[in-house]
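Heads up, the thing below is written out as C-alpha coordinates.
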Amino acid sequence: MKVLPCLFVFLVSAVVLVIADPGIIQLQETSIDASQSSILANPELISSPTSSGKHQFIIQPKKNFSSQELGEINSIGISLIGIIPSNAYIMLASKEDVALLKNRFELIYAGEYLPEYKTEMAFVKAFSMSDGKEEPIRIRLASSDFFTEFMSYLGSVTTNEIDVISQEPPILETSLNAEAALKLTKRSDVLRVHRRSEYRLFNDVVKTNVLMNVTRVHNDLGFNGKGVTVAVSDTGLDCGKTNRFMHPDFQNKRIMGVCGEYSQRNSWEDLNGHGTHVCGSVCGTGAASDGRYSGIAPEADLYFICIGDESNNVFPLTENDVDKAYENDVKLISNSWGDHSQGIYDTDSELYDTLCYKYPDLSILFGVGNENEKKHVFCFSWSINARRLWVKK
(Lines give C-alpha, C1' and ligand atoms only; values in the text may rest on other atoms or scores of the structure.)
Protein backbone atom coordinates (compact mmCIF):
# COMPACT_ATOMS: atom_id res chain seq x y z
CA MET A 1 0.00 0.00 0.00
CA LYS A 2 1.01 3.63 0.45
CA VAL A 3 3.55 5.10 2.80
CA LEU A 4 4.77 8.54 3.79
CA PRO A 5 1.67 10.49 2.70
CA CYS A 6 2.03 14.20 2.02
CA LEU A 7 -1.60 15.13 1.61
CA PHE A 8 -4.34 14.12 4.01
CA VAL A 9 -8.01 14.70 3.22
CA PHE A 10 -10.80 13.45 5.42
CA LEU A 11 -14.14 13.91 7.04
CA VAL A 12 -13.69 16.02 10.15
CA SER A 13 -15.59 14.65 13.12
CA ALA A 14 -13.21 15.86 15.81
CA VAL A 15 -10.93 18.86 16.08
CA VAL A 16 -7.30 18.47 17.05
CA LEU A 17 -4.95 21.40 16.81
CA VAL A 18 -1.84 21.10 14.68
CA ILE A 19 1.30 23.16 14.98
CA ALA A 20 1.69 25.92 12.43
CA ASP A 21 4.83 25.94 10.30
CA PRO A 22 4.61 29.06 8.12
CA GLY A 23 6.52 28.94 4.88
CA ILE A 24 6.22 25.90 2.66
CA ILE A 25 2.87 24.19 2.12
CA GLN A 26 3.83 20.70 0.97
CA LEU A 27 1.37 19.04 -1.39
CA GLN A 28 1.66 15.58 -2.85
CA GLU A 29 3.59 16.48 -6.01
CA THR A 30 4.38 20.14 -5.53
CA SER A 31 4.72 22.80 -2.87
CA ILE A 32 3.59 26.36 -2.29
CA ASP A 33 5.90 29.01 -0.86
CA ALA A 34 3.35 30.86 1.25
CA SER A 35 5.85 33.57 2.16
CA GLN A 36 6.11 34.57 -1.51
CA SER A 37 2.36 34.58 -2.22
CA SER A 38 -0.22 37.18 -1.33
CA ILE A 39 -3.77 36.47 -0.18
CA LEU A 40 -5.79 35.34 -3.19
CA ALA A 41 -3.07 36.53 -5.57
CA ASN A 42 -5.07 35.34 -8.57
CA PRO A 43 -8.62 36.74 -8.44
CA GLU A 44 -9.79 34.52 -11.31
CA LEU A 45 -10.82 31.09 -10.03
CA ILE A 46 -10.28 28.09 -12.29
CA SER A 47 -12.68 25.51 -10.92
CA SER A 48 -16.42 25.63 -11.44
CA PRO A 49 -18.30 26.49 -8.21
CA THR A 50 -20.70 24.24 -6.39
CA SER A 51 -24.43 24.90 -6.69
CA SER A 52 -24.13 27.19 -3.65
CA GLY A 53 -21.30 29.20 -5.23
CA LYS A 54 -18.43 27.71 -3.21
CA HIS A 55 -14.86 26.89 -4.28
CA GLN A 56 -12.06 24.97 -2.59
CA PHE A 57 -9.33 27.09 -0.98
CA ILE A 58 -6.08 26.42 0.85
CA ILE A 59 -6.03 28.56 3.98
CA GLN A 60 -2.96 28.97 6.15
CA PRO A 61 -3.43 31.08 9.29
CA LYS A 62 -0.51 32.44 11.28
CA LYS A 63 -1.91 30.63 14.29
CA ASN A 64 -3.89 27.43 13.90
CA PHE A 65 -7.63 27.75 14.42
CA SER A 66 -8.95 26.64 17.78
CA SER A 67 -12.06 24.47 18.14
CA GLN A 68 -14.08 27.57 18.97
CA GLU A 69 -12.74 29.43 15.94
CA LEU A 70 -13.50 26.50 13.65
CA GLY A 71 -17.06 26.55 14.99
CA GLU A 72 -17.28 30.25 14.23
CA ILE A 73 -15.93 29.67 10.72
CA ASN A 74 -18.48 26.93 10.13
CA SER A 75 -21.30 29.19 11.32
CA ILE A 76 -20.63 31.69 8.50
CA GLY A 77 -20.95 28.95 5.90
CA ILE A 78 -17.32 27.87 5.43
CA SER A 79 -16.74 24.11 5.52
CA LEU A 80 -13.47 22.51 6.61
CA ILE A 81 -13.02 19.55 4.27
CA GLY A 82 -9.37 18.65 4.71
CA ILE A 83 -5.95 19.44 6.10
CA ILE A 84 -2.45 19.62 4.65
CA PRO A 85 -0.24 18.70 7.60
CA SER A 86 0.86 20.37 9.50
CA ASN A 87 0.07 23.94 8.71
CA ALA A 88 -2.83 24.50 6.29
CA TYR A 89 -6.53 23.78 5.81
CA ILE A 90 -8.66 22.95 2.77
CA MET A 91 -11.92 24.86 3.00
CA LEU A 92 -15.05 25.17 0.89
CA ALA A 93 -15.93 28.85 0.68
CA SER A 94 -16.73 31.78 -1.59
CA LYS A 95 -14.30 34.61 -2.33
CA GLU A 96 -16.39 36.77 -0.03
CA ASP A 97 -16.05 34.18 2.72
CA VAL A 98 -12.27 34.26 2.35
CA ALA A 99 -12.34 38.06 2.64
CA LEU A 100 -14.22 37.65 5.94
CA LEU A 101 -11.57 35.23 7.16
CA LYS A 102 -8.84 37.69 6.19
CA ASN A 103 -10.54 40.44 8.24
CA ARG A 104 -11.17 38.16 11.24
CA PHE A 105 -7.88 36.22 11.36
CA GLU A 106 -4.26 36.85 10.42
CA LEU A 107 -3.70 34.71 7.34
CA ILE A 108 -0.35 33.83 5.80
CA TYR A 109 -1.80 32.32 2.65
CA ALA A 110 -5.15 31.90 0.90
CA GLY A 111 -5.41 30.51 -2.59
CA GLU A 112 -7.53 28.25 -4.72
CA TYR A 113 -7.11 24.50 -4.32
CA LEU A 114 -6.26 23.98 -7.98
CA PRO A 115 -7.38 21.10 -10.22
CA GLU A 116 -3.80 19.83 -10.56
CA TYR A 117 -3.63 19.35 -6.79
CA LYS A 118 -6.43 16.77 -6.99
CA THR A 119 -4.59 14.09 -8.96
CA GLU A 120 -1.12 12.84 -9.93
CA MET A 121 0.85 13.67 -13.07
CA ALA A 122 1.27 9.95 -13.73
CA PHE A 123 -2.51 9.67 -13.89
CA VAL A 124 -2.76 12.58 -16.34
CA LYS A 125 0.05 11.26 -18.55
CA ALA A 126 -1.33 7.73 -18.61
CA PHE A 127 -4.77 8.96 -19.55
CA SER A 128 -3.39 11.24 -22.26
CA MET A 129 -1.97 8.13 -23.95
CA SER A 130 -5.07 5.97 -23.48
CA ASP A 131 -6.55 7.05 -26.82
CA GLY A 132 -10.12 7.39 -25.58
CA LYS A 133 -10.07 4.13 -23.62
CA GLU A 134 -12.09 4.10 -20.42
CA GLU A 135 -10.24 3.38 -17.19
CA PRO A 136 -11.51 2.56 -13.68
CA ILE A 137 -11.17 5.61 -11.44
CA ARG A 138 -11.85 6.61 -7.85
CA ILE A 139 -13.58 9.89 -6.97
CA ARG A 140 -13.45 11.47 -3.50
CA LEU A 141 -16.21 14.04 -3.02
CA ALA A 142 -15.58 17.14 -0.95
CA SER A 143 -18.59 16.31 1.22
CA SER A 144 -21.39 13.77 1.42
CA ASP A 145 -23.74 16.75 0.98
CA PHE A 146 -22.92 16.59 -2.74
CA PHE A 147 -23.61 12.86 -3.11
CA THR A 148 -27.09 12.97 -4.71
CA GLU A 149 -26.29 15.86 -7.04
CA PHE A 150 -22.98 14.37 -8.13
CA MET A 151 -24.44 10.91 -8.73
CA SER A 152 -26.95 12.53 -11.07
CA TYR A 153 -24.14 14.29 -12.95
CA LEU A 154 -22.05 11.12 -13.18
CA GLY A 155 -25.04 9.22 -14.52
CA SER A 156 -25.28 11.77 -17.33
CA VAL A 157 -21.70 11.25 -18.51
CA THR A 158 -21.35 7.46 -18.22
CA THR A 159 -23.49 4.37 -18.58
CA ASN A 160 -20.97 2.32 -16.59
CA GLU A 161 -21.79 1.01 -13.14
CA ILE A 162 -21.08 3.42 -10.30
CA ASP A 163 -19.92 1.74 -7.08
CA VAL A 164 -20.15 3.44 -3.70
CA ILE A 165 -16.90 2.46 -1.98
CA SER A 166 -17.58 4.46 1.17
CA GLN A 167 -20.24 6.83 2.48
CA GLU A 168 -17.88 8.61 4.90
CA PRO A 169 -15.54 9.63 3.42
CA PRO A 170 -17.67 9.76 0.23
CA ILE A 171 -15.76 7.66 -2.34
CA LEU A 172 -17.13 6.45 -5.68
CA GLU A 173 -15.73 4.22 -8.39
CA THR A 174 -16.62 4.02 -12.08
CA SER A 175 -14.95 3.91 -15.50
CA LEU A 176 -14.43 7.06 -17.57
CA ASN A 177 -12.35 8.21 -20.50
CA ALA A 178 -9.58 10.79 -20.06
CA GLU A 179 -11.67 13.82 -21.01
CA ALA A 180 -14.50 13.03 -18.61
CA ALA A 181 -12.15 12.06 -15.77
CA LEU A 182 -9.99 15.18 -15.96
CA LYS A 183 -13.07 17.40 -16.09
CA LEU A 184 -13.88 16.16 -12.60
CA THR A 185 -10.79 17.85 -11.17
CA LYS A 186 -12.29 21.22 -12.13
CA ARG A 187 -15.42 20.63 -10.06
CA SER A 188 -15.45 22.14 -6.58
CA ASP A 189 -17.55 19.28 -5.22
CA VAL A 190 -14.71 16.84 -6.06
CA LEU A 191 -11.70 16.64 -3.75
CA ARG A 192 -9.65 13.95 -5.46
CA VAL A 193 -9.57 11.82 -8.64
CA HIS A 194 -7.17 8.98 -9.38
CA ARG A 195 -6.92 5.71 -11.24
CA ARG A 196 -8.10 2.71 -9.26
CA SER A 197 -5.15 0.76 -7.95
CA GLU A 198 -4.18 -2.62 -9.35
CA TYR A 199 -3.50 -4.81 -6.35
CA ARG A 200 -0.76 -7.42 -6.11
CA LEU A 201 0.19 -9.99 -3.51
CA PHE A 202 3.18 -9.28 -1.26
CA ASN A 203 5.11 -11.40 1.24
CA ASP A 204 5.59 -14.28 -1.17
CA VAL A 205 9.15 -14.98 -0.02
CA VAL A 206 9.43 -17.75 2.57
CA LYS A 207 10.56 -16.29 5.87
CA THR A 208 12.61 -18.55 8.14
CA ASN A 209 12.30 -18.31 11.89
CA VAL A 210 15.64 -16.46 11.91
CA LEU A 211 14.46 -13.83 9.41
CA MET A 212 11.17 -13.29 11.22
CA ASN A 213 13.12 -13.06 14.47
CA VAL A 214 10.22 -14.16 16.67
CA THR A 215 12.17 -16.33 19.11
CA ARG A 216 12.93 -13.44 21.46
CA VAL A 217 9.32 -12.24 21.26
CA HIS A 218 8.06 -15.68 22.29
CA ASN A 219 10.69 -16.77 24.78
CA ASP A 220 12.03 -13.57 26.35
CA LEU A 221 9.00 -11.29 26.16
CA GLY A 222 6.32 -13.96 26.46
CA PHE A 223 4.16 -12.54 23.66
CA ASN A 224 2.38 -15.24 21.67
CA GLY A 225 -0.98 -13.74 20.73
CA LYS A 226 -3.04 -15.36 23.47
CA GLY A 227 -6.40 -13.64 23.89
CA VAL A 228 -6.06 -11.67 20.65
CA THR A 229 -8.09 -12.04 17.45
CA VAL A 230 -6.12 -11.07 14.38
CA ALA A 231 -7.60 -10.72 10.90
CA VAL A 232 -5.79 -11.63 7.70
CA SER A 233 -7.17 -10.61 4.30
CA ASP A 234 -5.78 -12.67 1.46
CA THR A 235 -6.46 -15.23 -1.29
CA GLY A 236 -7.90 -17.92 0.99
CA LEU A 237 -6.97 -20.32 3.80
CA ASP A 238 -6.15 -23.97 3.07
CA CYS A 239 -9.31 -26.04 2.40
CA GLY A 240 -11.65 -23.27 3.54
CA LYS A 241 -13.24 -25.43 6.25
CA THR A 242 -12.44 -25.75 9.93
CA ASN A 243 -12.30 -29.55 9.96
CA ARG A 244 -9.77 -32.37 10.19
CA PHE A 245 -8.59 -31.70 6.63
CA MET A 246 -7.29 -28.25 7.62
CA HIS A 247 -3.49 -27.99 7.89
CA PRO A 248 -2.30 -29.04 11.39
CA ASP A 249 -0.93 -25.54 12.07
CA PHE A 250 -4.51 -24.21 11.95
CA GLN A 251 -6.33 -26.98 13.76
CA ASN A 252 -7.28 -26.54 17.43
CA LYS A 253 -7.48 -22.80 16.78
CA ARG A 254 -10.61 -20.66 16.77
CA ILE A 255 -11.03 -19.60 13.14
CA MET A 256 -13.82 -17.68 11.46
CA GLY A 257 -13.64 -17.42 7.67
CA VAL A 258 -15.65 -15.02 5.51
CA CYS A 259 -15.61 -13.83 1.91
CA GLY A 260 -14.84 -10.16 1.28
CA GLU A 261 -17.51 -7.93 -0.19
CA TYR A 262 -15.78 -7.80 -3.61
CA SER A 263 -14.40 -11.34 -3.80
CA GLN A 264 -17.49 -12.71 -5.59
CA ARG A 265 -16.89 -16.10 -3.98
CA ASN A 266 -18.90 -18.25 -1.58
CA SER A 267 -15.90 -20.19 -0.29
CA TRP A 268 -12.72 -19.02 1.47
CA GLU A 269 -10.67 -21.98 0.22
CA ASP A 270 -7.16 -20.97 -0.88
CA LEU A 271 -6.88 -21.36 -4.67
CA ASN A 272 -3.48 -19.66 -4.78
CA GLY A 273 -1.51 -20.67 -1.68
CA HIS A 274 -0.46 -17.15 -0.76
CA GLY A 275 -3.12 -16.69 1.91
CA THR A 276 -2.24 -19.94 3.67
CA HIS A 277 1.43 -18.93 3.68
CA VAL A 278 0.63 -15.54 5.19
CA CYS A 279 -1.64 -17.01 7.87
CA GLY A 280 1.17 -19.38 8.80
CA SER A 281 3.51 -16.41 9.19
CA VAL A 282 0.96 -14.58 11.33
CA CYS A 283 -0.51 -17.25 13.59
CA GLY A 284 0.49 -20.79 12.55
CA THR A 285 0.93 -22.94 15.66
CA GLY A 286 3.86 -24.94 14.35
CA ALA A 287 2.02 -28.21 15.09
CA ALA A 288 3.26 -29.83 11.89
CA SER A 289 6.90 -29.25 12.92
CA ASP A 290 6.60 -29.86 16.67
CA GLY A 291 6.61 -26.10 17.22
CA ARG A 292 9.84 -25.39 15.34
CA TYR A 293 8.21 -23.31 12.62
CA SER A 294 5.42 -21.26 14.16
CA GLY A 295 4.00 -17.88 13.28
CA ILE A 296 4.48 -14.60 15.11
CA ALA A 297 1.34 -15.09 17.24
CA PRO A 298 0.73 -18.87 17.42
CA GLU A 299 -1.93 -18.64 20.14
CA ALA A 300 -3.98 -15.90 18.47
CA ASP A 301 -7.47 -16.55 17.13
CA LEU A 302 -7.95 -15.92 13.42
CA TYR A 303 -10.61 -14.02 11.49
CA PHE A 304 -9.89 -14.71 7.83
CA ILE A 305 -11.23 -12.49 5.02
CA CYS A 306 -11.01 -13.98 1.53
CA ILE A 307 -10.35 -11.16 -0.96
CA GLY A 308 -9.20 -13.33 -3.89
CA ASP A 309 -11.38 -14.49 -6.76
CA GLU A 310 -11.30 -17.62 -8.91
CA SER A 311 -8.68 -16.02 -11.21
CA ASN A 312 -6.31 -15.05 -8.37
CA ASN A 313 -7.17 -11.37 -8.62
CA VAL A 314 -7.06 -9.46 -5.35
CA PHE A 315 -9.69 -6.94 -4.26
CA PRO A 316 -9.31 -4.38 -1.46
CA LEU A 317 -11.08 -4.46 1.87
CA THR A 318 -14.23 -2.37 2.01
CA GLU A 319 -15.76 -0.38 4.82
CA ASN A 320 -18.22 -3.22 5.46
CA ASP A 321 -15.42 -5.81 5.61
CA VAL A 322 -13.62 -3.85 8.31
CA ASP A 323 -16.84 -3.12 10.23
CA LYS A 324 -17.69 -6.84 10.37
CA ALA A 325 -14.17 -7.76 11.46
CA TYR A 326 -14.30 -5.27 14.31
CA GLU A 327 -17.71 -6.60 15.37
CA ASN A 328 -15.97 -9.98 15.74
CA ASP A 329 -13.42 -8.59 18.21
CA VAL A 330 -10.62 -8.03 15.68
CA LYS A 331 -8.06 -5.45 16.83
CA LEU A 332 -5.47 -5.95 14.09
CA ILE A 333 -5.85 -6.56 10.34
CA SER A 334 -2.84 -7.82 8.36
CA ASN A 335 -2.72 -7.22 4.59
CA SER A 336 0.15 -8.66 2.52
CA TRP A 337 -0.92 -7.01 -0.72
CA GLY A 338 -0.86 -3.56 -2.30
CA ASP A 339 -0.04 -1.69 -5.50
CA HIS A 340 3.55 -0.43 -5.08
CA SER A 341 2.63 3.25 -5.58
CA GLN A 342 4.56 4.28 -2.49
CA GLY A 343 4.21 7.85 -1.32
CA ILE A 344 0.76 8.37 -2.81
CA TYR A 345 -2.09 9.09 -0.42
CA ASP A 346 -5.20 7.95 -2.29
CA THR A 347 -8.78 7.04 -1.45
CA ASP A 348 -7.78 3.61 -0.10
CA SER A 349 -5.34 5.29 2.28
CA GLU A 350 -7.98 7.73 3.43
CA LEU A 351 -10.63 5.05 3.89
CA TYR A 352 -8.41 2.91 6.13
CA ASP A 353 -7.25 5.98 8.05
CA THR A 354 -10.86 6.97 8.67
CA LEU A 355 -11.71 3.46 9.86
CA CYS A 356 -8.78 3.55 12.28
CA TYR A 357 -10.14 6.80 13.65
CA LYS A 358 -13.59 5.25 13.90
CA TYR A 359 -12.10 2.34 15.88
CA PRO A 360 -9.23 3.80 17.99
CA ASP A 361 -8.10 0.37 19.22
CA LEU A 362 -7.85 -1.09 15.71
CA SER A 363 -4.59 -1.21 13.71
CA ILE A 364 -4.58 -1.90 9.96
CA LEU A 365 -1.19 -3.02 8.65
CA PHE A 366 0.06 -3.39 5.08
CA GLY A 367 3.22 -4.85 3.62
CA VAL A 368 5.22 -2.75 1.18
CA GLY A 369 6.43 -5.52 -1.11
CA ASN A 370 9.19 -7.98 -1.90
CA GLU A 371 11.97 -5.64 -2.98
CA ASN A 372 14.41 -7.58 -0.77
CA GLU A 373 16.35 -4.44 0.07
CA LYS A 374 18.74 -4.71 2.99
CA LYS A 375 16.84 -2.22 5.04
CA HIS A 376 13.61 -2.12 6.97
CA VAL A 377 10.76 0.28 6.45
CA PHE A 378 9.07 1.42 9.63
CA CYS A 379 7.00 4.53 9.38
CA PHE A 380 3.81 6.13 10.61
CA SER A 381 1.15 8.12 8.86
CA TRP A 382 -0.79 10.53 11.01
CA SER A 383 -3.69 12.84 10.32
CA ILE A 384 -6.08 14.87 12.41
CA ASN A 385 -8.65 12.17 11.79
CA ALA A 386 -6.65 8.96 11.86
CA ARG A 387 -3.59 6.95 12.69
CA ARG A 388 -2.25 3.93 10.87
CA LEU A 389 0.88 1.83 11.20
CA TRP A 390 2.79 0.45 8.23
CA VAL A 391 5.57 -2.10 8.46
CA LYS A 392 7.61 -4.01 5.92
CA LYS A 393 7.17 -7.74 6.25
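The values are calculated or read from the model by the stated rules, or taken from the named source; none is laboratory data. Bear in mind that the values here come from a model prediction, so they are computed numbers and not experimental data. Glycine gets a Cβ as well: all are built from the backbone with ideal geometry, and neighbour counts include every protein chain shown. Side chains included, ligands, DNA and RNA excluded: accessible areas come from the protein's heavy atoms. Shrake-Rupley method; radii C 1.70, N 1.55, O 1.52, S 1.80 Å.
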Looking at the stretch 26-40, is at least one residue in a loop (DSSP other than H, G, I, E, B), within 22 Å of Pro169 (Cα to Cα) and either at pLDDT 90 or above or open to solvent by less than 10 Å² (accessible area, probe 1.4 Å) (or both)? yes
Of residues in the stretch 135-174 being within 26 Å of Lys358 (Cβ to Cβ) and in a loop (DSSP other than H, G, I, E, B), the one most open to solvent (accessible area, probe 1.4 Å): Gln167
Does the stretch 269-290 hold any residues that are open to solvent by less than 40 Å² (accessible area, probe 1.4 Å), under 18 Å from Thr215 (Cβ atoms) and of a type outside the set (A, V, I, L, M), and which are they? Gly280, Ser281, Cys283, Gly284, Gly286, Ser289
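Yes or no, residue by residue, for (1) at pLDDT 90 or above; (2) surrounded by 20 or more Cβ atoms within 10 Å (Cβ to Cβ); (3) not hydrophobic (A, V, I, L, M, F, W, C):
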{"residue": "Pro316", "(1), (2), (3)": "no, yes, yes"}
{"residue": "Glu319", "(1), (2), (3)": "yes, yes, yes"}
{"residue": "Lys324", "(1), (2), (3)": "yes, no, yes"}
{"residue": "Ser334", "(1), (2), (3)": "yes, yes, yes"}
{"residue": "Tyr359", "(1), (2), (3)": "yes, no, yes"}
{"residue": "Ile364", "(1), (2), (3)": "yes, yes, no"}
{"residue": "Gly367", "(1), (2), (3)": "no, yes, yes"}
{"residue": "Glu371", "(1), (2), (3)": "no, no, yes"}
{"residue": "Lys392", "(1), (2), (3)": "no, no, yes"}
Checking Ile84 against (1) within 22 Å of Pro170 (Cβ to Cβ); (2) surrounded by fewer than 13 Cβ atoms within 10 Å (Cβ to Cβ), only one condition comes out false. Which one? (2)
Can you give me the number of residues within the stretch 44-63 that are open to solvent by 20 Å² or more (accessible area, probe 1.4 Å), assigned to a loop (DSSP other than H, G, I, E, B) and not aliphatic (A, V, I, L, M)? 8
Residue list for the stretch 210-252, filter: open to solvent by 50 Å² or more (accessible area, probe 1.4 Å), farther than 16 Å from Thr276 by Cβ and in a loop (DSSP other than H, G, I, E, B): Asn213, Asp220, Leu221, Phe223, Lys226, Gly227, Val228, Arg244, Asn252
Looking at Asp309 and the list (1) at pLDDT 90 or above; (2) more than 30 Å from Gln26 (Cα to Cα); (3) open to solvent by 10 Å² or more (accessible area, probe 1.4 Å), which single condition is not satisfied? (1)
Please find, among Val124, Val98, the residue that is under 25 Å from the mean Cα position of the chain (by Cα), in a helix (DSSP H, G or I) and among the aliphatic types (A, V, I, L, M). Val124
Search result, residues across the stretch 159-181 that are closer than 13 Å to Glu134 by Cβ and out of contact with any Ser or Thr (no Cβ under 8 Å at 6 or more places or on another chain): Thr159, Glu173, Glu179, Ala181
If I go through the stretch 241-285 residue by residue, how many of them are without any contact (Cβ under 8 Å) to a residue 40 or more places away in the chain and not acidic (Asp, Glu)? 15
Residue, nearest to Glu179 (Cα to Cα), within the stretch 192-209, restricted to residues that are open to solvent by less than 60 Å² (accessible area, probe 1.4 Å) and at pLDDT below 90: His194
May I ask you to verify whether Thr50 is over 24 Å from the mean Cα position of the chain (by Cα) and among the hydroxyl-bearing types (Ser, Thr, Tyr)? yes
Looking at the structure I just gave you, is Leu302 without any contact (Cβ under 8 Å) to a residue 12 or more places away in the chain and either touching a helix residue (DSSP H, G or I) at 6+ places or on another chain (Cβ under 8 Å) or not basic (Lys, Arg) (or both)? no
Are there any pairs with C-beta distances below 6 angstrom linking a residue in the stretch 158-175 that is on the phi > 0 side of the Ramachandran plot to a residue that is not charged (D, E, K, R), with the two at least 6 apart or on different chains, and if so which? none
